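Here's the structure, in structure tokens; my notes come after.
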């Protein structure tokens with residue numbers, strides 16, 4: 001079983017791993033930093049030239065790229081920092097206040 | 001076959017380390033523990049051990065290197081004293097909370113200031129709440145025996161905690177006394193190989209050590225860590241029983257000396273216990289019912305067992321070889337009084353600060369303590385419960 005599945009806020013002190021050890025790699029993917037978001041980026045597909053300047057600047061790897069083209073944001077991990085909107089030369093990313 | 005030798009406490013511990021043949025030693029020299037890494041680095045240079053010796057630039061780095069090395073899966077140790085231990089403070093807690101069974105040879109010395117290099121327990125007593133197992137040694141033999149037992153306790157699956165083996169600076173570390181050593185093979189077989197279940201250098205199974213703990217998890221981890229410390233008590237006794245089979249020397253959580261029918265007793269740690277036993281013998285010869293309890297294991301603190309052992313004692317002195325600045329006495333006094341109170345004891349207890357900064361402790365000084373206890377027994381008047389021994393008034 002993956003640690004991500006059994007380490008959660010219902011775990012008791014007997015079952016929790018010693019010292020908080022996590023017995024696998026890449027577990028940050030299971031941590032939904034998207035919860036922290038105040039602003040949310042909107043991806044305007046029509047204005048996007050697929051230059052991919054936005055992808056490498058994202059601190060959370062929340063802009064998925066497939067076959068050389070970016071797709072919509074991974075909102076489980078996008079913290080809404082707005083760096084992608086700042087670097088986009090074409091106005092294809094717009095930051096908006098997120099309504100929850 | 002036991003090997004009869006004459007060694008200082010530092011030599012004895014360095015030899016125990018050689019016989020254990022650990023994977024890594026990271027250390028920085030500080031008086032009076034300097035000789036331990038010094039002797040050990042000679043063993044490394046001579047090819048007598050397979051250890052990677054890391055000569056770091058400070059104790060902060062020494063313990064940091066130990067944490068990294070132990071987490072990587074290597075059996076790791078270090079040695080230090082006084083301000084060296086103080087500089088390790090941050091990493092001591094990290095080692096314990098990451099559940100890394102590092103062994104540390106602590107040669108007890110006063111903390112500055114005023115700067116002083118002599119025997120005093122303020123260094124290890126200051127680290128008493130860091131989550132390390134603490135075992136104390138009266139003489140070179142005990143320092144050696146305790147170090148040989150260290151990893152069996154620390155690495156046990158129910159424990160997984162770092163361990164500190166303490167001995168008195170200069171008095172034990174530098175005085176040469178007779179000692180019985182075990183054969184190299186006996187130690188090797190007793191200590192065994194270190195095979196951690198999970199470790200960072202395991203290519204087959206990646207892991208993370210020491211991740212950030214949010215409030216939803218921290219308490220659960222601390223309760224688990226505290227339980228490991230409780231578990232250590234039984235493991236210490238089990239390992240001691242096994243050690244007795246190969247050495248013939250018996251160890252417990254503490255040692256009692258002529259305590260069974262004692263009316264007045266003292267609780268003491270490390271080398272001064274030897275001096276105090278002489279005082280007990282002298283007073284016993286005069287028909288006085290005196291006894292002694294010498295702490296071996298301070299963490300975990302064997303509170304119930306100590307209260308039980310002291311249940312017939314009417315007047316007790318707890319001897320603290322460091323200040324606590326609580327205005328009530330030192331840390332050992334606080335622990336012992338807490339144990340007695342919890343057990344419903346009505347014994348009268350005084351706390352003595354003694355021998356700090358290397359102040360000489362003689363048989364007659366300890367006799368003076370027993371004399372004061374008999375005064376309390378005769379008058380029923382405890383008087384000042386927080387006293388200094390051999391202080392110029």
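Just so you know, all these numbers are worked out from the coordinates, no wet-lab data involved. Predicted model, so just to flag it, every value in this text is computed and none were measured. A quick note on method: Cβ atoms are made from the backbone with ideal geometry, for glycine too, and the neighbour counts reach across all protein chains shown.
Hey, got the average number of other protein chain Cβ atoms within 10 angstrom for residues in B:110-119?
Mean partner shielding for this stretch: 0.
For a footprinting-style exposure proxy, rank B:275, B:342 by other Cβ within 10 Å, fewest first.
B:342, B:275
Based solely on its DSSP helices, what 222 nm [θ] is calculated for chain B when runs of n ≥ 4 H residues each add -39,500 (n - 2.57) and the sum is averaged over all residues, nearest 500 deg cm²/dmol?
The helix contribution divided over chain B gives -13000 deg cm²/dmol.
Pop the C-beta distance of residue A:15 and residue B:360 into the FRET formula with R0 = 56 Å and round what comes out to the nearest 0.05.
Approximately 0.55, to the nearest 0.05.
So, in nm, how far is label residue B:325 from label residue A:98 when the simple model puts each one 7 Å beyond its Cα toward the Cβ?
My value for the distance between the label points is 4.7 nm.
Would you compute the Debye intensity of the protein assembly as shown from its alpha-carbon atoms alone, equal scatterers and no solvent, and pass along log10 I(q)/I(0) at q = 0.09, 0.10, 0.12, 0.13 Å⁻¹ to two decimals?
Calculated log10 I(q)/I(0) at the listed q: -0.69, -0.80, -1.04, -1.17.
What order do you get for B:155-164, B:182-191, B:227-236 when each peptide is scored by the mean count of other beta carbon atoms within 10 Å, highest first?
With the highest mean Cβ count within 10 Å placed first, the list reads B:155-164, B:227-236, B:182-191.
Using a/c under 1.5 as the rounded threshold, could you call the range B:79-197 rounded, prolate or oblate? The axes a ≥ b ≥ c are square roots of the C-alpha gyration tensor eigenvalues, and prolate needs a/b larger than b/c, oblate otherwise.
The shape class here is oblate.
Just to be sure I understand: if I project the alpha-carbon convex hull of chain B onto a plane and average over all orientations, what area do I get in nm²?
With the hull built on Cα positions only, its mean projection is 20.2 nm².
In which sequence would B:82, A:39, B:41 go, from the one with the fewest C-beta neighbours within 10 Å to the one with the most?
A:39, B:41, B:82
Based solely on C-alpha atoms, express the radius of gyration and the Dmax of the range B:256-304 in angstrom.
Considering the range B:256-304 through its Cα atoms, Rg and Dmax are 11.3, 36 Å.
What FRET efficiency comes out for the pair residue B:393/residue B:281, r = Cβ-Cβ distance, R0 = 25 Å, nearest 0.05?
0.30
Any idea how far the Cα center of the range B:155-227 sits from the one of the range B:59-108, in Å?
10 Å
Using 0.36 nm per residue of separation minus the Cα-Cα distance, give me the extension gain between residue B:115 and residue B:381 in nm, one decimal.
Between residue B:115 and residue B:381, full extension yields an extra 92.0 nm.
How many Cβ atoms of partner chains, on average, are near each residue of B:317-323 if near means within 10 Å of its Cβ?
0
Which shape class, rounded, prolate or oblate, goes with the range B:240-371 when its Cα gyration tensor gives a ≥ b ≥ c as root eigenvalues, a/c under 1.5 marks rounded, and past that a/b bigger than b/c marks prolate?
Verdict is rounded for the range B:240-371.
Give the separation of the Cα centroids, the range A:50-82 to the range B:1-15, in Å.
Computed from Cα coordinates, the inter-centre distance equals 64 Å.
Take residue B:338 and residue B:188, extend 7 Å from each Cα along the Cα→Cβ direction, and tell me the distance between the two endpoints in nm.
4.3 nm
Can you pull the three principal axis extents for the Cα set of the range B:9-150, in Å, largest first?
Rounded to whole Å, the extents work out to 41, 31, 28 Å.
Could you work out which residue, out of B:48, B:149, B:134, moves most in a Gaussian network model of chain B, that is, has the largest mean-square fluctuation with Cα springs under 10 Å?
Among B:48, B:149, B:134, the largest mean-square fluctuation in the Gaussian network model of chain B belongs to B:48.
Using only alpha-carbon positions, what ratio does the radius of gyration of chain A give when scaled by 2.2 N^0.38 Å?
1.34
With contacts defined as alpha carbon pairs under 8 Å and 6 or more residues apart, what's the relative contact order of chain A in percent?
Here the relative contact order equals 33 percent.
Looking only at other chains, what is the average number of their beta-carbon atoms within 10 angstrom of each beta-carbon in B:225-233?
1
Whole Å is fine, so just give me how far the alpha carbon centre of the range B:369-386 lies from that of the range B:246-313.
19 Å
Please identify, among B:63, B:207, B:88, the residue showing maximal mean-square fluctuation in a Gaussian network model of chain B using a 10 angstrom Cα cutoff.
Most flexible of the set in this elastic network: B:207.
Run the quick spin-label model on residue B:230 and residue B:244: label points 7 Å from Cα toward the beta carbon, then report their separation in nm to one decimal.
Taking the simple label geometry, residue B:230 and residue B:244 are separated by 2.6 nm.
Order by neighbour count: B:59, B:255, fewest other Cβ atoms within 10 Å first, most last.
Listed from fewest to most nearby Cβ atoms, that is B:255, B:59.
Springs between alpha-carbon pairs under 10 angstrom, Gaussian network model over chain A: which of A:86, A:66, A:14 fluctuates most?
A:14
For the range B:145-223, what does the alpha-carbon gyration tensor say about shape, rounded, prolate or oblate, given a ≥ b ≥ c as the root eigenvalues, a/c under 1.5 as rounded, and a/b over b/c as prolate?
oblate
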